[in-house]
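Heads up, the thing below is written out as structure tokens.
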Amino acid sequence: MMLRLWKFYQKSLAVHPVKTQITSSGFLWGLGDVTAQAITNSTMKKHRHNSDADEEFKINWKRVALTSMYGFGFVGPVCHFWYLGLDRFIRLRVQLQPKSMRFVATKVAMDGLIYGPCDLFLFLTYMGLSMGKCVDQVKEEVKRKFLPTFILEGCVSSVVQVVNFRFVPVHYQLLYSNVFCTLDSAFLSWVEQQQDATWKQWLTSFLALENKKARADDVF
């Protein structure tokens, strides 16, 4: 079964690369959101001490559809051309030897500092507006969630992308990225469902404190 699925994917990727990436991204991001909802439900049950704790877990299919559409409309097509363009740019313009440490480091840096923030900002904005929140609510939510999420996600994705750019052949890097998208979408969806979690408040307060210290140093 898995071998047939793998061969079908390879054939589809060779014949229709963009369509294949769009379809797989939409499916995997939807799957990631289901995973995120299950994790959130399990976490909430552990902290409940009333009869609601025994409620049956119900998937929010609206959220799954919205997250899946983000995979279809943005992640699939953009990631496809981004990875191809990034590889071509570093090889031909920057002229670094493929698979070298500088090549991999440059790729990881550009991916994390250019694509990463854009993807996170668009995801938080898109999900907020799609769930019926007003522009001011979305702005406040993005301001509260962006930095903590970017830092936590960046720590993980950097390691993942080092492996991707160093060991995975270029024509399979999109597949590798899409598999990670399942985990990434689960993480982003989980973060999006967190309101004022303790870890988020702590990290935001820590960053604010560091900014105040930096301003004070500048004054003196």
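The values are calculated or read from the model by the stated rules, or taken from the named source; none is laboratory data. The model shown is predicted, which means the values in this text are computed figures rather than measured ones. Note that we place each Cβ from the backbone using ideal geometry, even for glycine, and neighbour counts take in every protein chain shown.
Structure notes:
- Residues in the stretch 161-176 that are modelled with pLDDT under 90 and under 22 Å from residue 113 (Cβ atoms): 168, 170, 173, 174, 176.
- Identity of the residue in the stretch 30-83, under 16 Å from the mean Cα position of the chain (by Cα) and aliphatic (A, V, I, L, M), that ends up modelled with the lowest pLDDT: 36
- Residue match in the stretch 179-189 (condition: modelled with pLDDT of 90 or more and among the charged types (D, E, K, R)): no
- Among residues of the stretch 137-166 that are in contact (Cβ under 8 Å) with a residue 40 or more places away in the chain, those with a beta-carbon under 7 Å from a residue that is surrounded by fewer than 15 Cβ atoms within 10 Å (Cβ to Cβ) at least six positions away or on a different chain give the pairs 147/207; 166/99.
- Residue within the stretch 141-157 that is at pLDDT 90 or above and of a type in the set (Gly, Ala, Ser) present: no
- Boolean, residue 91 is touching a Pro at 6+ places or on another chain (Cβ under 9 Å) and not polar (S, T, N, Q): yes
- Residues in the stretch 96-110 include none that are closer than 26 Å to residue 30 by Cβ and of a type in the set (S, T, N, Q).
- In the stretch 79-124, of all residues being β-branched (Val, Ile, Thr) and surrounded by fewer than 17 Cβ atoms within 10 Å (Cβ to Cβ), the one that is nearest to residue 154 (Cα to Cα) corresponds to 114.
- Verdict on residue 116 being in contact with a helix residue (DSSP H, G or I) (Cβ under 6 Å, 6 or more places away or on another chain) and at pLDDT 90 or above: no
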